[in-house]
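The values are calculated or read from the model by the stated rules, or taken from the named source; none is laboratory data. What you are looking at is a predicted structure, and each value in this text was computed from that prediction instead of being measured. Glycine also receives a Cβ, built like all others from the backbone with ideal geometry; neighbour counts cover every protein chain displayed.
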């Protein structure tokens, strides 16, 4: 097993930009900027709460491929295009992580690659005991 493992989500941007959705290195799993797109469909257009909720679910799906869940998350970043969306994004974050309480950073940015995106999330999780349970997918 390699010390660095990667998973893809199938996002078209992963292929065209050359990145993985999540990378495990040592005892950490890092999930890059994740939005509320599922395939080519943006969920929650115009709704920062729904976009945050779906983006967090997508990011948790990525760490799920390493056998992890929300309880393993130690850091989150929530990037917003509008300060007015702080409360709604924070509400969605609290619903997922209230009992976990990871370190959180929330930032307002000038925009994303698609102007309909209001929210993008990143997270970092601790692999810990799940490390041995993860089996690398077979390469073809």
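Quick rundown of the values:
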read-out	value
Failed item, numbered, when residue 117 is tested on (1) assigned to a strand (DSSP E or B); (2) in contact with a helix residue (DSSP H, G or I) (Cβ under 8 Å, 6 or more places away or on another chain); (3) crowded, with 18+ Cβ neighbours inside 10 Å	(1)
Counted residues, the range 24-55 - those being buried (at least 17 other Cβ atoms within 10 Å of the Cβ), in a strand (DSSP E or B) and over 11 Å from the mean Cα position of the chain (by Cα)	3
Residue under evaluation residue 97, criteria (1) modelled with pLDDT of 95 or more; (2) touching a strand residue (DSSP E or B) at 6+ places or on another chain (Cβ under 8 Å); (3) surrounded by 12 or more Cβ atoms within 10 Å (Cβ to Cβ); (4) within 21 Å of residue 113 (Cα to Cα), criterion not met	(4)
Members of the range 58-81 found to be in contact (Cβ under 8 Å) with a residue 12 or more places away in the chain, closer than 27 Å to residue 5 by Cβ and either crowded, with 23+ Cβ neighbours inside 10 Å or touching a helix residue (DSSP H, G or I) at 6+ places or on another chain (Cβ under 8 Å) (or both), listed by number	59, 60, 62, 63, 66, 67, 68, 70, 72, 73, 76, 78
